[in-house]
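The structure under discussion appears below in the form of structure tokens.
The values are calculated or read from the model by the stated rules, or taken from the named source; none is laboratory data. Predicted model, so just to flag it, every value in this text is computed and none were measured. Reconstructed Cβ throughout: ideal geometry from the backbone, glycine too, with neighbour counts over all protein chains shown.
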Amino acid sequence: MKNKSLFIFTLIAASVFFSSCEKTVMLDLEQTEPHIIIEGLVTDTPELNFVKVTRSTGFYNQGQTPRITNAVVSVADDDGNAFVFNHYEGDDPDSIGFYLPPSGFAGAIGKTYTLSVTADGTTFTATDDLRPLVDIDKLDYRVNENEQSDPEEPGRFYEALLWVKEPKETRDYYLFKSYRNGVLEYQNETDIYFADDELIGENIDGLPLPVFYALGDNARIEVYSLTRAAFVYYRDLQKLLTNDGGLFGTPPANPRGNINGGALGLFQVSAVKSGEVDIE
């Protein structure tokens, strides 16, 4: 599984020079108690469902965040059906800390799902709704002339275009993921592509996706429905990742998640629609 950590902080190292000697200044930061971090996803697509449980670490610590492998994880729907998520026991070290549902498990449109995670003797809960999502009408592509004339990656100057009809009667929120040849892609490491219907208007007519492709590439898009709570979380996360820490910048704060009990993170419940096109 390839997942982007939801909590990334970058410190620009400061150096002070005295008589041609260099000294690295380590800020004496107040360390807080570690927090449980929960990232959960339930969708109407069986292969996309998981819960990840980790622990926060110190500011200067490097490497992978500590993974929790002995949590008790379950998801229940509003009909009283409960599904146990078991820790992944494969050979992939990147998948340590991931909990997977029973084979074939998928969410259903219109249902409410409640997550329960017990770790370190404490139970954390979260609830989210599986909102509907309209089908993708069309996915096409075109040459981006600006990228063709001044490419960041030579040969990759095709952009995929998305067509979707946006429902008028509801307030809707979306998360977009773009893939190139089956690999999730971002223009920048801090990019999160999300929107509400006020931003995108009544219809999505030829919306350019933020990844450039070359001839022979396969372009794939996934669109996720979001609740208002999930939209707020991604908006907060985007602000955090792009905060330059300048004089007039806002102090960094954890995104407002929906996990109860003191853990950080997000339990996201989404419908998913996908489309793909070969760049020929």
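So here's what we get for this one:
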read-out: Residue satisfying all of: in the range 146-176; touching a helix residue (DSSP H, G or I) at 6+ places or on another chain (Cβ under 9 Å) and not charged (D, E, K, R); surrounded by the fewest Cβ atoms within 10 Å (Cβ to Cβ) among these; value: Thr170
read-out: Filter pass, Val117 being surrounded by 18 or more Cβ atoms within 10 Å (Cβ to Cβ), farther than 20 Å from Gly275 by Cβ and either free of Cβ contacts under 8 Å to residues at least 24 places away in the same chain or among the β-branched types (Val, Ile, Thr) (or both); value: yes
read-out: Residue pairs meeting the criteria (Cβ under 9 Å; at least 6 apart or on separate chains; first acidic (Asp, Glu), in the range 251-280; second part of a loop (DSSP other than H, G, I, E, B)); value: Asp278/Gly216; Asp278/Asp217; Glu280/Leu215; Glu280/Gly216
read-out: Residues (under 18 Å from Val51 (Cα atoms), in a loop (DSSP other than H, G, I, E, B) and out of contact with any strand residue (DSSP E or B) (no Cβ under 8 Å at 6 or more places or on another chain)) located in the range 92-120; value: Asp92, Ser103, Gly104
read-out: Any hit, the range 241-257, residues being buried (at least 16 other Cβ atoms within 10 Å of the Cβ), at pLDDT below 95 and out of contact with any Leu (no Cβ under 7 Å at 6 or more places or on another chain); value: yes
read-out: Residue in the range 53-65 that is modelled with pLDDT of 95 or more and either β-branched (Val, Ile, Thr) or outside any loop (DSSP other than H, G, I, E, B) (or both) present; value: yes
read-out: Selected residue [surrounded by 13 or more Cβ atoms within 10 Å (Cβ to Cβ), at pLDDT 90 or above, under 16 Å from Leu133 (Cβ atoms) and of a type in the set (A, V, I, L, M)] from Ile221, Ile204; value: Ile221
read-out: Matching residues, the range 148-193, being closer than 25 Å to Pro132 by Cα, among the polar types (S, T, N, Q) and part of a loop (DSSP other than H, G, I, E, B); value: Thr170
read-out: Some residue of the range 122-133 being among the charged types (D, E, K, R), at pLDDT 95 or above and touching a Lys or Arg at 6+ places or on another chain (Cβ under 7 Å); value: no
read-out: In the range 63-80, the residues that are within 21 Å of Thr114 (Cα to Cα), surrounded by 11 or more Cβ atoms within 10 Å (Cβ to Cβ) and without any contact (Cβ under 8 Å) to a residue 40 or more places away in the chain; value: Thr69, Asp77, Asp78
